Amino acid sequence: MNNQWIKLFILSSALTALAGCSITPEGYSQDFARDLKTYGGNRYIKSPVVNDLEKQMIKIATAPDPAGPPYELQFNPRQLAILDSFNNRYDHRAMMNDINLVRAGFDKAVEAYYPEIGQEAACTITNKNGFFPNSNDEPNIFDWQFVRGSCLNGIAQGVGVARADQADAKFVGRFDRGVMIEGIFTMVRSDGRRVIQIGGVPNAGRNARLLTTELRKSGYQWHRYGDFDNKGHFQGFGINIWNYTDQMYVRSVGDFKNGNFDGLAAKQIKSEYASMPTYQVTLGTYSEGSREGISGFYNGFNFIRVGETKDDTWNGVGYEIYNNIDSFYTEYTVGRYVNGEEQGWFKIYYDDSFDKPVPIKYDEGVLVQWGDGSSNIDFGQVFALAAGTAIIGTADIDSISKIQIGSAFASDVVGGTNGQAMMNLQQNFDTEIGDRIRSDAAFQRSFTPATASTNANLPAGSSALGANSNMPDISQEQGEVEQASQVVTSGNQNRQQESTSTSTSTQVAARSASTSESTPANDIEMQTATTQSNRSVEQPPKENQYVGSGRDYPFTGTTDTFLKYEYAVDVAKTNLENQASKFCGSSMRTEIRWAQQPVCKESASAEGEYKCSIDAKVNCYENLCSEKFCGTAH
């Protein structure tokens, strides 16, 4: 009998005996959380990478998972703990801002992002292949007709409004030479559900980061946020959120390829354990939808396992923490798994008795011997893995990057792939770095407004900056893209010269450490830029300075309609950020100094709803910063 079924039988018996007591799923998981805080993690773990993964699993297991207000509108601690494993992949505040705008409705989202729209009507949309993710057989490409907005030589350029007869589809957003680039979209499905999308618009050869939400009449909301291709698949990072009427629930999150997990990812599945409902969490690395490398699992109640996986099951060394409700103790084990079953000798210690381990032996998951076998335990692979990942564990990078790198290394060790997983990971790093830098430059070239249209929309006293010859020069970004492309090319050449997974792990760790803080993040994936091989990579970076002689340009962000207080403030700040980004030509060159408090007026007829405004001082930098709004976003 598999050891897991033995534990399930013990737990079921204990719960039956305690039927008259006030045991609940919440109380049981709280007992496990208490013991985890008291005794800590599994002390058999030698690998710093596996240790980091176990810490993530313990963080998830010890976080409360309540439902009900206010968690229908925000993530509870358990869901946040899951998302925290990916906080270097997305901007949580930006995602929640867009979700709140979707809840407020299409019109209010448009007011927040595009308060000023031109009146020209005779504009041509040159490409109608923009893809809007949907489900089932609902339409996702539309025959758009331009309604009004801004034109350049008769072609839609800048902010515009478009409509399509099919599904009552509407779009308000930015066009680049007649192509939809980013904006807000809505339609009504054949089943009556409304879809609202905020963000980039995927097209042939161009993925885009966006939020798409399906709003059902029951109050349930299905949010998907991340990088989509023009087939509706996650292609890069993605989050799948099931928003019930009492809880925002993270169904899946992580790296995707063609809609399947590929890289570090997590999923949460509703299940049953000992006749009680539970939400099981898996966190680890995947390849083409299959767990490969290092994974962690929490059953929602009393059990955590971290270890090596291959072919989507446990293969290699595994470490467990198990809380026994019957005897009220916690046991810690280490041993080897083959095709998901315990095999050979394991070690167990109880609570804080690490110095008194008990050896037990399994044969294909069946317990065959207890005690008197410690001299027969061979944990060479445990220590080999620890030694191989030690250099990764000491690298100056975040723990999630260590897990991703270490898991690829473990995949090579367990699977005997001669370093292929590590080389694939390095290639992914190279591609992501280059794509992000190229994407940023393409984003700026597409969205930097012409001088005439910019001056028309500048606040009083600030028009000089728009006409100034020192306005940020987008051509400079082309040089940055070319340099980045040469760095990627150089990385690919170096990678081909490496032959072992250990040397590759060192190279990847160093690359991650040098780029994790300096790579500019961007919400919209664009087409790659042209490179020139004769540009120097070794040019020293210029000191970033403000544009022109002026400083502290005054801006005010506003909410034009009454909203709940937190929404009203967010919308006002987003409105100001949009103005400032347009003023400077890019959010990556914009610095905002916010007033301490917004000014809000409560509605006389709708209790708890407000219109808000907030002031700020804005400056523009000559060169791109390392993050949006140069670290001053709200």
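The values are calculated or read from the model by the stated rules, or taken from the named source; none is laboratory data. For clarity, every value in this text was computed on a predicted model and none was experimentally measured. Virtual Cβ from ideal backbone geometry, glycine too; neighbours counted across all protein chains shown. For the accessible areas, the whole protein counts, side chains as well, though only heavy atoms, and no ligand, DNA or RNA atoms are used. Shrake-Rupley method; radii C 1.70, N 1.55, O 1.52, S 1.80 Å.
Of all residue pairs spaced 6 or more apart or on separate chains, those with beta-carbon atoms under 9 Å, a first member in segment 137-153 that is under 28 Å from residue 233 (Cβ atoms) and a second member that is aromatic (Phe, Trp, Tyr) and not in a strand (DSSP E or B) are 139/132; 140/131; 140/132; 141/131; 141/132; 142/132.
Could you check segment 183-224 and list, in sequence order, the residues that are hydroxyl-bearing (Ser, Thr, Tyr) and in contact with a Lys or Arg (Cβ under 8 Å, 6 or more places away or on another chain)? Listed by number, the residues that qualify are 186, 212, 213.
I'd like the full set of residues that are surrounded by fewer than 17 Cβ atoms within 10 Å (Cβ to Cβ), assigned to a loop (DSSP other than H, G, I, E, B) and at pLDDT 90 or above, limited to segment 592-623. Result: 595, 597.
Is there a residue being closer than 30 Å to residue 297 by Cα, of a type in the set (A, V, I, L, M) and open to solvent by 30 Å² or more (accessible area, probe 1.4 Å) anywhere in segment 231-239? Scanning segment 231-239, I find no residue that is closer than 30 Å to residue 297 by Cα, of a type in the set (A, V, I, L, M) and open to solvent by 30 Å² or more (accessible area, probe 1.4 Å), so the answer is no. Figure legend. Inter-residue proximity from segment 582-609: first residues more than 28 Å from residue 547 (Cα to Cα), second residues assigned to a helix (DSSP H, G or I), beta-carbon distance below 7 Å, spacing 6+ or different chains. Indicated pairs: 600/565; 600/568.
Residue-wise test of (1) closer than 18 Å to residue 226 by Cβ; (2) of a type outside the set (Val, Ile, Thr); (3) modelled with pLDDT of 90 or more.
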{"site": "267", "(1), (2), (3)": "yes, yes, yes"}
{"site": "279", "(1), (2), (3)": "no, yes, yes"}
{"site": "282", "(1), (2), (3)": "no, no, yes"}
{"site": "295", "(1), (2), (3)": "no, yes, yes"}
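Considered as a group, the residues in segment 208-224 that are open to solvent by 10 Å² or more (accessible area, probe 1.4 Å) and of a type in the set (Ser, Thr, Tyr) include one that is nearest to residue 80 (Cα to Cα), and that residue is 220. Which condition from (1) in a helix (DSSP H, G or I); (2) open to solvent by less than 20 Å² (accessible area, probe 1.4 Å); (3) not charged (D, E, K, R) is the one that residue 51 breaks? In the conditions (1) in a helix (DSSP H, G or I); (2) open to solvent by less than 20 Å² (accessible area, probe 1.4 Å); (3) not charged (D, E, K, R), residue 51 misses (2) alone.
Does residue 229 count as in the same structural domain as residue 109 (by the TED database), among the acidic types (Asp, Glu) and more than 23 Å from residue 255 (Cα to Cα)? Criteria not met by residue 229. Of the residues 315, 302, the single one that is closer than 27 Å to residue 83 by Cβ and either in contact with a strand residue (DSSP E or B) (Cβ under 9 Å, 6 or more places away or on another chain) or open to solvent by less than 20 Å² (accessible area, probe 1.4 Å) (or both) is 302.
Considering only residues that are more than 14 Å from residue 140 (Cα to Cα) and part of a loop (DSSP other than H, G, I, E, B), look in segment 184-207 and name the one that is least open to solvent (accessible area, probe 1.4 Å). Checking each candidate, the answer is 192.
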